[in-house]
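In what follows, a structure is listed as structure tokens, so that the remarks can point back to it.
The values are calculated or read from the model by the stated rules, or taken from the named source; none is laboratory data. All values derive from a computational prediction rather than experimental measurement. Backbone-built Cβ (ideal geometry, glycine too); neighbour counts: all protein chains shown. For accessibility, only protein heavy atoms count, side chains too; no ligands or nucleic acids. Shrake-Rupley method; radii C 1.70, N 1.55, O 1.52, S 1.80 Å.
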Amino acid sequence: MTAFTHVSEDGTLLCVPTTDARALDGDLQLRGQPGYNIDERIRTERLSSYLRVFDTRSGEEVICERVEQSWITHVQFAPGSRNLILYNHEWPSDCGIRRMWLFNGEKHIRLRTENNVRSRQDWTCHEMWERDGSAIIYHGGYHNGQAYIGRVLPDGTGTVEITLPQNYKRYGHFNVGTPGVLVSDGYYEEDGDRPTSGGDWISRIDMDWNHGKAGWLPLCRHSSSWASQDAHPHPIIDHTMTYAYFTSDVSGKRAIYRIRISK
């Protein structure tokens, strides 16, 4: 097992991604990464990952779906569905078109394709379901360096990508509230922010997908160091849409904070 598992909303199924051991057979170097290109090895040696689905009552493996030439690390059942599994290819060389996939029980759907705006050389990451399962939200950066937030329907159609302001370049994550509301720990900037690669602010973003607009409301500086994954704020909105919870080591040690997000 290489990363994150996920349980279906009704609690009956558990999805566990596994990968051929050869893909990760090497000495770890800086920041836990190996001293070789995992994606290159997987594609050259035709290694695979597997979407393994287990019945949580009996423990029986009910699905073992092989995905060739992939390193899968994130899996997510669709809200309200046992049949749709969102998954990723981790660290692919052509991240703009090979990061995000959906398995519907019969076929694998590529969720981002090339056109006159989107390129395989773009960066795409952090895909997640809208809370009602209506769409998938993701973000990244175009090959020219400009950041974007995207939304695509589960069948791979209806793609909308909203470009962020030119100065919103500092790394961060997004998480979902009710459809149309996001929270982020990065990108937004003001004069006086620290010169770090990651963002300084927890922000609420109100998305108008129909008109291609994003309204940013900065809530507070989180001032976390971004020194490791454990110090990334990773904000999450509660089920009542009242608070966002996040991590920060601003006090010298990691702690959990919350900020009110409702207007």
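Taking 135, 227, 147 as the candidate residues, the one with maximal mean-square fluctuation in a Gaussian network model of the chain, Cα springs under 10 Å, is 227. May I ask for the distance between the Cα centers of segment 136-167 and segment 215-257, given as a whole number of Å? Cα centroid of segment 136-167 versus Cα centroid of segment 215-257: 23 Å apart.
Largest GNM mean-square fluctuation among 63, 137, 236, using the chain with Cα springs under 10 Å: 63. For the chain, modelled as a GNM whose springs connect Cα atoms under 10 angstrom apart, the maximal fluctuation among 226, 101, 71 occurs at 226.
For residue 263, a cut-off of 19 angstrom between C-alpha atoms picks up these lysines, skipping any fewer than 8 places away in its own chain: 213.
Using the Cβ of residue 98 as centre and a radius below 15 Å, the other residues enclosed give a net charge of -2, where K and R count +1 and D and E count -1.
Hey, any idea what Rg/Rh is for segment 126-263, computing Rh the Kirkwood way over Cα pairs? Across segment 126-263, the Cα-based Rg/Rh ratio is 0.95.
Within the accessible surface of the chain, defined with a 1.4 Å probe on protein heavy atoms only, the carbon and sulfur portion equals 49 percent.
Length available on full extension from residue 81 to residue 241: 0.36 nm per residue minus the Cα-Cα distance, which gives 55.4 nm. Assuming charge only on the beta carbon of Lys and Arg (+1) and of Asp and Glu (-1), the dipole of the chain about its Cα centre is about 320 debye to the nearest 20.
With the simple model of a label 7 Å out from the Cα in the direction of the Cβ, residue 55 to residue 116 spans 5.3 nm. Specify which residue in the list 167, 218, 197 is farthest towards the positive end of the charge dipole of segment 148-263, using unit charges on the beta carbon of Lys, Arg (+1) and Asp, Glu (-1), about the Cα centre. The one lying farthest along the dipole's positive direction is 218. Label sites at residue 256 and residue 216, each approximated as a point 7 angstrom past Cα along Cα to Cβ, lie 2.8 nm apart. Cross-link partners for residue 253 among the aspartates and glutamates, with Cα-Cα distance under 20 Å and sequence neighbours closer than 8 places in the same chain left out: 185, 200, 230. Assign one of three labels to the chain, namely rounded, prolate or oblate, based on the Cα gyration tensor with a ≥ b ≥ c the square roots of its eigenvalues; rounded applies when a/c is under 1.5, prolate when it is not and a/b is larger than b/c, and oblate otherwise. It comes out rounded by the Cα gyration axes.
In this rough spin-label picture, where each label sits 7 Å from Cα along the Cβ direction, the residue 24-residue 36 distance is 1.6 nm.
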